1. Inside the stretch 99-132, can you point out the residues that are assigned to a strand (DSSP E or B), in contact with a Lys or Arg (Cβ under 8 Å, 6 or more places away or on another chain) and hydrophobic (A, V, I, L, M, F, W, C)?
2. Which residue out of L9, L24, L17, L35 is among the aliphatic types (A, V, I, L, M) and either touching a strand residue (DSSP E or B) at 6+ places or on another chain (Cβ under 6 Å) or part of a helix (DSSP H, G or I) (or both)?
3. So if I check each of E198, E207, which one is under 19 Å from the mean Cα position of the chain (by Cα) and without any contact (Cβ under 8 Å) to a residue 60 or more places away in the chain?
4. Take the residues of the stretch 243-276 that are surrounded by fewer than 16 Cβ atoms within 10 Å (Cβ to Cβ) and of a type in the set (A, V, I, L, M): which is nearest to E45 (Cα to Cα)?
5. Which one of the conditions (1) open to solvent by less than 10 Å² (accessible area, probe 1.4 Å); (2) closer than 17 Å to A308 by Cβ does T160 fail to meet, given that it meets all the rest?
6. Of (1) part of a helix (DSSP H, G or I); (2) surrounded by fewer than 21 Cβ atoms within 10 Å (Cβ to Cβ), A208 satisfies all except one. Which?
7. Exactly one condition in (1) closer than 22 Å to S291 by Cβ; (2) surrounded by fewer than 23 Cβ atoms within 10 Å (Cβ to Cβ); (3) among the hydrophobic types (A, V, I, L, M, F, W, C) is not met by A199; state its number.
8. Restricting attention to the stretch 1-44, which residues are open to solvent by 70 Å² or more (accessible area, probe 1.4 Å), farther than 30 Å from G133 by Cβ, out of contact with any Gly (no Cβ under 6 Å at 6 or more places or on another chain) and charged (D, E, K, R)?
Amino acid sequence: MNANDLNLLARAEVRELASYNAGLASDAVRKRFGLTRVAKLGSNENPMGTAPAVSAATARACREIALYPDAGCQALRTALSEKLGVPENQLVFGNGSEDLLSVISRVFLDHDDEVVTVVPSFGLHFIYPLAAGAKVIGVPMTQQGTFDVPAMVAALTPHTHVLMFSCPSNPVGCALSADELQQLLDALPPQCLLVFDEAYYEYAQWEAEYPDCLALIQGSGRPFILLRTFSKAYSLAGLRIGYGVVSDPMLADLINRLRTPFNVNHIAQAAAIAALADDEHLNACLSHVASERRRMEATLHEQGITTAPSLANFLFFSTPYPAEVINQALLREGVIIKPWREVGYTEYLRVSVGSCEDNDLFLTALASVLATLETRTD
């Protein structure tokens, strides 16, 4: 069979999907450009690594890898329930929060169901609903890089089945105020499920202005699934573990019917418990990111680059040049960031907050790349 025939074996919704724009691996960039040092700032990873206790916990867990993991994540479930103050039966777990987004889309969406999200977006907020056959409506951010709450409210109709977006926004970094979130909650149609992706929660809550979104959403009485992850602030991206808080145990039961039975491995569960217990390490990571993010913002502004407001561990910005041009030039300098590819945002890039040294490499390389491009266009 030729490629076209093989393509026709897939569902029509899948054939029409764009591929997810995943971050590049450091080794691939080193080999491609013959580099010895690479600053990996494209995937929003934690430059400070895992808490000290995680290594010991994973070593112990390795002794039992011949056995299936606990399908219910009971020890982690108990620890999270105590930390968050939510009942154990209102927690769900996934192989990263991305896994839960996939399951949620397959459980709650059908052909022609309407989903409202924002653009620019986290790609899977489009890809998974579209794969389920849903219709996705993207509400653009404001020109200042903030949520356009009036436009989001206007996009909600009696036909809206799911409102799904990230806060802080990925890739923009902005967050809703308490009043803005309340406006959205008040505007939700009766049968609309709120999927509130709070993957960057820990970074945002370090800042005084970030509201307690979980408490506000819980108080609304609306059906919701709030997603968080251990990949970002807790440094467990390589182990893939995320979780969700749901408004009612019935939602958890529905999700559990379709997730794979052992979707969170034993080592990931052990690592998450250890990471969750080390507030000192977490706070050191959050403090570093907050300080470096402000330093990077200030330096970029000195270079004439305006960044979107961010409470996350990354910055979103544009240049006068196509993002892919900047991206390729930076790769040659040993800097990995993420060029945005959504229509209307192809001059935007997202850079993670890394170590001080990696951030310096990015700032120096970007200034050099922009100066070179400006000279060529003069």
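1. First pass over the stretch 99-132, keeping only residues assigned to a strand (DSSP E or B): 114-119.
Those left that are additionally in contact with a Lys or Arg (Cβ under 8 Å, 6 or more places away or on another chain): 114-115.
Passing the criteria: only V115.
2. On the way: L9 fails: either touching a strand residue (DSSP E or B) at 6+ places or on another chain (Cβ under 6 Å) or part of a helix (DSSP H, G or I) (or both); L17 fails: either touching a strand residue (DSSP E or B) at 6+ places or on another chain (Cβ under 6 Å) or part of a helix (DSSP H, G or I) (or both); L35 fails: either touching a strand residue (DSSP E or B) at 6+ places or on another chain (Cβ under 6 Å) or part of a helix (DSSP H, G or I) (or both).
The conditions single out L24.
3. Values: E207 fails: without any contact (Cβ under 8 Å) to a residue 60 or more places away in the chain.
Exactly one of E198, E207 is under 19 Å from the mean Cα position of the chain (by Cα) and without any contact (Cβ under 8 Å) to a residue 60 or more places away in the chain, namely E198.
4. Taking the stretch 243-276 first, the residues surrounded by fewer than 16 Cβ atoms within 10 Å (Cβ to Cβ) are 248-250, 253, 257-258, 260-262.
If we keep only those that are of a type in the set (A, V, I, L, M) too, we end up with 250, 258.
On the way: M250: 33, L258: 29 Å.
Within the stretch 243-276, the match that is nearest to E45 (Cα to Cα) is L258.
5. (2)
6. (1)
7. (2)
8. Of everything in the stretch 1-44, those that are open to solvent by 70 Å² or more (accessible area, probe 1.4 Å), farther than 30 Å from G133 by Cβ, out of contact with any Gly (no Cβ under 6 Å at 6 or more places or on another chain) and charged (D, E, K, R) turn out to be D27, R30, K31, R32.
The values are calculated or read from the model by the stated rules, or taken from the named source; none is laboratory data. Source: prediction; values computed, not measured. Cβ coordinates were reconstructed from backbone atoms using ideal geometry, including for glycine residues, and neighbour counts include every protein chain displayed. We work out accessible area using only protein heavy atoms, side chains counted, and drop any ligands, DNA or RNA first. Shrake-Rupley method; radii C 1.70, N 1.55, O 1.52, S 1.80 Å.
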